[in-house]
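Trainee: This is the structure I have questions about; it appears just below.
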Amino acid sequence: MTPKRISLTLCCIFFISVGVLHFTNTETFTRIVPTFIPFPEWAVYISGVMEIAGGILLYFPKTRRFASYMLIFLLIMVFPANINMAVNHIDFGKVPEAVLWARLPLQALLIYWVYKLRRVD
């Protein structure tokens, strides 16, 4: 397995796993949804479905480019929840506050990772 295929596989597993967590830990994710978002529980479910679907579709060459752009869109859309969590010190499973702030630039790295994978052979 090449490094690109390993990276692709890890990214797919990451997004599928986080997507599943949206359904198994819905309450935790709902707490970080900013108050201006209506129906926060539905927002969590929709983002979870998008993460699972994106992780699956990213794996296959015919849907990889679409999945890459879909996941980038999702990462941009959920960024306000990450900001909300850091600014309002929302406890996310006893995660240290420094980690909450570190997640913000991590979002850019995730976008870059997904973008680079759009053309893996």
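Trainee: Return yes or no: is Val44 farther than 20 Å from Leu109 by Cα and surrounded by 19 or more Cβ atoms within 10 Å (Cβ to Cβ)?
Mentor: The answer is yes for Val44.
Let's see how each residue does on (1) over 11 Å from the mean Cα position of the chain (by Cα); (2) at pLDDT 95 or above; (3) over 17 Å from Gln107 (Cβ atoms):
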position	(1), (2), (3)
Thr2	yes, no, yes
Ser7	yes, yes, yes
Cys11	no, yes, no
Phe15	no, yes, no
Val18	no, yes, no
Leu57	yes, yes, yes
Arg64	yes, yes, yes
Ala67	yes, yes, yes
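Trainee: Looking only at the stretch 24-43, which residues are part of a helix (DSSP H, G or I), touching a helix residue (DSSP H, G or I) at 6+ places or on another chain (Cβ under 6 Å) and under 27 Å from Tyr112 (Cβ atoms)? Working first, answer last.
Mentor: Going through the stretch 24-43, the residues part of a helix (DSSP H, G or I) turn out to be 24, 26-32, 40-43.
Next cut, touching a helix residue (DSSP H, G or I) at 6+ places or on another chain (Cβ under 6 Å) only: 26, 29-30, 32, 40-41.
Passing the criteria: Phe29, Ile32.
Trainee: Quick check on the stretch 75-86. Is at least one of its residues at negative phi, more than 12 Å from the chain's Cα centre (by Cα) and loosely packed, with under 14 Cβ neighbours inside 10 Å?
Mentor: no
Trainee: Now for a different question. Quick one: would you say Arg103 is surrounded by 12 or more Cβ atoms within 10 Å (Cβ to Cβ), charged (D, E, K, R) and in contact (Cβ under 8 Å) with a residue 24 or more places away in the chain? So that I can check it myself, show each step before the final result.
Mentor: On the way: surrounded by 12 or more Cβ atoms within 10 Å (Cβ to Cβ): yes; charged (D, E, K, R): yes; in contact (Cβ under 8 Å) with a residue 24 or more places away in the chain: no.
Judged against the criteria, Arg103 is not a match.
Trainee: Are any of the residues in the stretch 50-63 surrounded by 14 or more Cβ atoms within 10 Å (Cβ to Cβ), part of a helix (DSSP H, G or I) and aromatic (Phe, Trp, Tyr)?
Mentor: yes
The values are calculated or read from the model by the stated rules, or taken from the named source; none is laboratory data. Bear in mind that the values here come from a model prediction, so they are computed numbers and not experimental data. Heads up, the Cβs are rebuilt from the backbone with ideal geometry, glycines too, and the neighbour counts pull from every protein chain shown.
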